[in-house]
Structure formats: C-alpha cells, structure tokens
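Working notes for the structure below.
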Amino acid sequence: MDFIRMKISFSVLLFFHVWLCRAFNDVSTIPFNKGFSHLFGDGNILHANDDNSLQLHLNQNTGSGFKSSDLYNHGFFSAKIKLPSDYTAGIVVAFYTTNQDVFKKTHDELDFEFLGNIRGKAWRFQTNMYGNGSTHRGREERYTLWFDPSKEFHRYSILWTNKNIIFYIDDVPIREIVRNDAMGGDYPSKPMGLYATIWDASDWATSGGKYKTNYKYAPFIAEFTDLVLNGCAMDPLEQVVNPSLCDEKDVELQKADFSRITSRQRMAMKRFRAKYMYYSYCYDSLRYSVPPPECEIDPVEQQRFKETGRLKFINKHHGHRHPKKSRSEVLDARNYGNEDEE
C-alpha cells in the first residue's frame, strides 16, 4: 500500500515537474578532481573513469565522505544522488554545506540528511539550518519521499544567498527560508564548503534508534554524479574581506531561475509540504514557545500539527515522534528531544 500511495503521489508532482524543469537546464557540472577532495574513508570511495561520478561506501570498518576544495560565500550546490538499496536502517547519507572545520564553535550549516530505511516503507529525510553555532536552536523539518531514491538518480540542491535559502528535490522547491533582521546570526553568513558523507547513526537515524545498521547487507553504497558548485570561492580566514568581492556572483545567483520561486513552484512546494512533511520546528510550541523569527505560520497548516510539531492524524505506517539529533548535534553531544518511532 505504501508504494501504491507513493506512485499516485509521484504522478501528481510529476505534473509540476514538467513546468519546473527549465530552471535547471543551464546548470554546469564540475569533475570531481576540479572541485573536490576526499574527507575520510579513502578506501571506501570509488571513482568512475570519467571523474564525474563516484560512490561512497559504508562497511563494518568505516564510512566515507568528500568535500569541496574551496569554501564559498553563497552559492548553488547540487548533485544527483542514488541512495543505498535493500535494508538501510541506521544509515545516514548527508549532503550539506558547512564551515565546521574552520569555525569550531560558531559554524554555519545547511543539511539534507537521509535517515535510512526499512524495506517496503517510504524513505524519510530531514533538512536543517544552523547559523553561528546555533546547534541548540535546530531548525529541522522532516519528510517522506514520494519515490524510492535507491532505484534511480534524483537531483538534490541547496541554494544559499544573502536573502534566502531554498532546498530542492529535482526541480521541486520543498523549503524556503527568507532572511530577516530578527534572525541575526542564526542566518548562515560565513563561507561554507559542500560535503557528502555516509555513516552509521544506529543510535537515532531510523525510528529513533529502534532499527540498527545490519552489516549483513554491507557494503552500503551511495552514488553521486553531476556535481555542481556555483558560488564565489573565498578564504574564510582572511582578516580583511572585501565585501564587494562576491557582489557580481551574488547578483548572478539572484537572477538565476532557481533563485526565484514562481506561483507554480509555490503550488508544487505547498503540495509537497501538505502531503509529505511530518514534523516542523515552527509548530513545535513545546520546544519554542515563540516560533523562531523566520517561521511564517500558516493557520490552516498549523491545524494539522500537535504542539510537539508532529502531525495530528497519521496512520500506523507513518507514526512519528519529535525528531532526535541531527548529524551536527550528534557531533556536539546535544540532545533536545524525543525520537521518531514506528
């Protein structure tokens, strides 16, 4: 039944995809050796001969990851990704921007995190934002996918400008964060690099740690291709930064089709969020008595959620509790809530 619902829902979003595909037609990709380097797990990273594709493996010994060679002051970051197949509970595949290696206590971050899966169920994932080390004020939203991401490649993209942040799946915008003065340092403002990793998060990733990684199914393989780095490269440690250095690139980004959400795209995003978002920090009044300043509270949408930020009416296949730690919060040993559960 889950797959039937996924196929029906996919046909609805495919209708919008026909309208939106033009926004990504002119995006230029970059070979791995021109823009990236290994992060960890060298022996678990396999490259294609054309240098445009690679695999990240996870086995009993280690996961693996890669990162961009440069940090960027704003940009459009994208890749086509195919997630591991079969039983993948406990595994996290992350595609994200961060500067944590440089700014240990005041880092910025934007995340896609795919949270492992049990065969036959819809995949779950989350997006998140941190600014200036605000890991205790996580801004995660959680969703299910309307397709099986292990069957074929799909494009996942993060747009970051000085005005807004947009998360895309293929050509559908699924989340927008619009900057305002009240956000202050919580809006990412320092140069960030692009990262991708696969790792064992058995303690929280799938149903709050109920289902663990089973290495009988190893190696777990995440595939990446058609990587995009479109931004202004900067040295984050420069003592004096010319504020106009990246003005031209910022203008270019803001003029690009993927920087502007049209009325049709708004409709597609609203449909996605109504069907597939199962947790929102904006509606979690137990965690935030006053919603963070970027939250635009939709009274109609709000009625669907409990004070915990979880959906009020869900069937037995999609029961959820407050999300636990994201990747950054695991690293920082911060736990601010309960877990998902089946």
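Structure notes:
- Take 30-40, 215-225 and order them by the average number of nearby Cβ atoms within 10 Å per residue, most first; the result is 215-225, 30-40.
- Peptides 200-213, 254-267, ordered by how many other C-beta atoms sit within 10 Å of their residues on average, highest first, read 200-213, 254-267.
- Ordering of 147-159, 291-303 by burial proxy (mean other Cβ atoms within 10 Å per residue, highest first): 147-159, 291-303
- Averaged over its residues, region 47-97 has an accessible area of 31 Å² per residue, based on protein heavy atoms and a 1.4 Å probe.
- Pairs from the table (K67/K210; K270/K312; K104/K210; K270/K306; K82/K312) lying more than 24 angstrom apart at Cα are K67/K210; K104/K210; K82/K312.
- Rounded if a/c under 1.5, otherwise prolate or oblate - region 28-109, Cα gyration tensor axes: oblate
- Other residues lying with their Cβ under 11 Å from the Cβ of C232 contribute a combined charge of -4, Lys and Arg counting +1, Asp and Glu -1.
- By the compact-protein rule of thumb, 2.2 N^0.38 Å, the alpha-carbon radius of gyration of region 118-234 corresponds to a ratio of 1.22.
The values are calculated or read from the model by the stated rules, or taken from the named source; none is laboratory data. Just so it is clear, the structure is predicted and the values come from calculations on it, not from any experiment. Cβ sites come from the backbone with ideal geometry, for glycine too, and all protein chains shown count toward neighbours. Each accessible area value is taken on the protein alone, full model and side chains, heavy atoms only, with ligands, DNA and RNA left out. Shrake-Rupley method; radii C 1.70, N 1.55, O 1.52, S 1.80 Å.
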